[in-house]
Amino acid sequence: MFDFSIVTNWIHELLLSIMPEGVAVFIECVAVGVCIVALYAILAIILIYMERKVCGFFQCRLGPNRVGKWGSIQVVCDVLKMMTKEIFMPKGADHFLYNLAPFMVIIASFLTFACIPFNKGAEILNFNVGVFFLLAASSIGVVGILLAGWGSNNKFSLIGAMRSGAQIISYELSVGMSIMTMVVLMGTMQFSEIVEGQANGWFIFKGHIPAVIAFIIYLIAGNAECNRGPFDLPEAESELTAGYHTEYSGMGFGFFYLAEYLNLFIVASVAATIFLGGWMPLHIVGLDGFNAVMDYIPGFIWFFGKAFFVVFLLMWIKWTFPRLRIDQILNLEWKYLVPISMVNLLLMACCVAFGFHF
């Protein structure tokens with residue numbers, strides 16, 4: 001398995017040989033930031049195109065097929081249109097909060113995106129409380145959504161923001177407890193160690209029934225965290241026009257749109273990392289030849305393959321089930337998912353304490 005830290009260490013040593021350490025570190029930070037932004041934008045384009053094609057497939061349609069080969073340039077045209085649209089300020093809006101809200105949402109998305117280990121040695125933020133940091137950073141986004149609804153001076157936006165706040169804060173409990181269930185099994189909260197701990201088997205297999213239950217709960221709650229169907233009440237078009245971002249145009253709306261799709265990828269990436277081994281190949285104990293062949297496949301291929309598999313599952317959920325009412329959404333969380341998550345956490349703790357795991 002190729003270790004990307006070999007490349008980064010070589011670049012670091014090269015820069016140190018021609019410039020002071022402070023300047024070298026500054027250049028490295030800028031380069032890493034540019035790479036994050038570029039990867040963020042590329043993934044957003046891929047996910048939007050994938051969403052449209054998957055949606056068309058489930059509804060027996062073709063999806064985009066006019067602009068470019070198989071409609072591949074349609075998303076690029078949408079981006080250019082969004083970048084050139086006028087940004088206006090609604091009458092009576094709170095200027096500071098209205099302008100701050102999209103940046104709060106996109107910054108939260110960037111912070112969580114930087115926690116994801118794409119390959120061995122390719123972790124940007126990698127420290128011993130990585131899981132806690134990811135959960136904390138992802139919680140910032142709901143503040144931006146509430147600010148957008150309040151600052152827009154629009155009742156529909158405010159209702160959408162309050163719905164979103166209630167929904168996201170509620171489902172954060174199930175997401176957190178599902179991840180904590182796996183932390184009990186893993187014994188660490190550092191993402192690099194989590195992946196390396198799955199060298200002899202992915203945690204979804206090693207954790208038995210509690211791991212499978214945690215995975216299912218995580219997918220349901222993660223979908224709700226992203227405000228995606230059937231949990232897209234904050235943006236219910238028939239009731240709220242477009243929800244909390246009704247009064248936004250141009251790149252103000254674009255930031256919310258980007259964050260939604262990248263949050264979808266982040267949810268899928270965390271699931272792939274914690275449950276499906278991240279960049280770790282599929283290894284089966286006793287099959288050394290098979291394991292050696294799997295090791296030839298680069299780690300980032302494994303990671304993106306698993307992540308996009310989970311993305312497809314989440315899109316499948318969205319285009320299969322009808323939109324729920326707000327009372328149904330909150331009942332599902334507080335009456336079912338939270339109690340099941342608590343019992344599952346205790347069950348995993350008992351399995352680990354008594355050695356009932358691989």
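For the chain, which whole percent of the accessible surface, found with a 1.4 angstrom probe, sits on carbon and sulfur atoms?
74
Given a Förster distance of 51 Å, report the FRET efficiency between residue 39 and residue 209 from their Cβ-Cβ distance, rounded to the nearest 0.05.
With R0 = 51 Å, the Cβ-Cβ based efficiency is 0.90.
Which value, in debye to the nearest 20, gives the size of the charge dipole of the chain about its Cα centre, when Lys and Arg are +1 and Asp and Glu are -1 at the Cβ?
1080
So what J values fall out for region 113-122 if you push phi through Karplus, 6.51 cos²θ - 1.76 cosθ + 1.60 with θ = phi - 60°, rounded to Hz, Gly and Pro as x?
Couplings: 4, 6, 7, 7, x, 7, 7, 4, x, 10 Hz.
Looking only at 26, 215, 110, which one moves most when the chain is put into a Gaussian network model with springs between Cα atoms under 10 Å?
Of 26, 215, 110, the Gaussian network model singles out 26 as fluctuating most.
Sticking with the crude label model, points 7 Å out along Cα→Cβ, report the distance from residue 26 to residue 153 in nm, one decimal please.
Inter-label distance under the simple model: 4.2 nm.
Given a Förster distance of 41 Å, report the FRET efficiency between residue 18 and residue 294 from their Cβ-Cβ distance, rounded to the nearest 0.05.
Once the sixth-power term is evaluated, E becomes 0.55.
Can you give the local net charge around residue 74? Use residues other than it whose beta-carbon is closer than 10 angstrom to its beta-carbon, Lys and Arg +1, Asp and Glu -1.
Once all neighbours under 10 Å are counted, the net charge is +1.
Using a Förster distance of 22 Å, how high is the FRET efficiency between residue 284 and residue 216, based on the Cβ-Cβ distance and rounded to 0.05?
The computed FRET efficiency comes out at 0.40.
How much length is gained if the chain between residue 80 and residue 125 is pulled fully straight, taking 0.36 nm per residue apart and subtracting their Cα-Cα distance, in nm to one decimal?
Roughly 13.0 nm would be gained on extension.
What label, among (i) 5, 22, 31, 26, 13, 3, 0; (ii) 5, 19, 25, 25, 16, 6, 2, 1, 0; (iii) 5, 23, 26, 19, 14, 8, 4, 1, 0, belongs to P(r) over Cα pairs in 10 Å bins from 0, in percent computed from the structure on display?
Entry (i).
Using C-alpha positions alone, give me the convex hull volume of region 97-167 per residue in cubic angstrom.
Spelled out: Cα convex hull of region 97-167, divided by residues, is 81 Å³.
Any idea how many Lys pairs in the chain come in under 16 angstrom at the alpha carbon, given 8 or more places apart or on separate chains?
Step by step, the pairs that qualify in the chain add up to 4.
Given a 1.4 angstrom probe, what's the average accessible area per residue across the chain, in square angstrom?
Ligands and nucleic acids excluded, the figure is 48 Å² per residue.
Describe numerically, in nm with one decimal, the distance between label points set 7 Å from Cα along Cα→Cβ at residue 349 and at residue 55.
About 4.3 nm, to one decimal.
Full extension from residue 8 to residue 73: what is 0.36 nm times the residue separation minus their Cα-Cα distance, to one decimal in nm?
Full-extension gain reported as 20.0 nm.
The values are calculated or read from the model by the stated rules, or taken from the named source; none is laboratory data. Because the structure is a prediction, the values reported are computed rather than measured. Backbone-built Cβ (ideal geometry, glycine too); neighbour counts: all protein chains shown. SASA here: full protein model, heavy atoms, side chains in, ligands and nucleic acids out. Shrake-Rupley method; radii C 1.70, N 1.55, O 1.52, S 1.80 Å.
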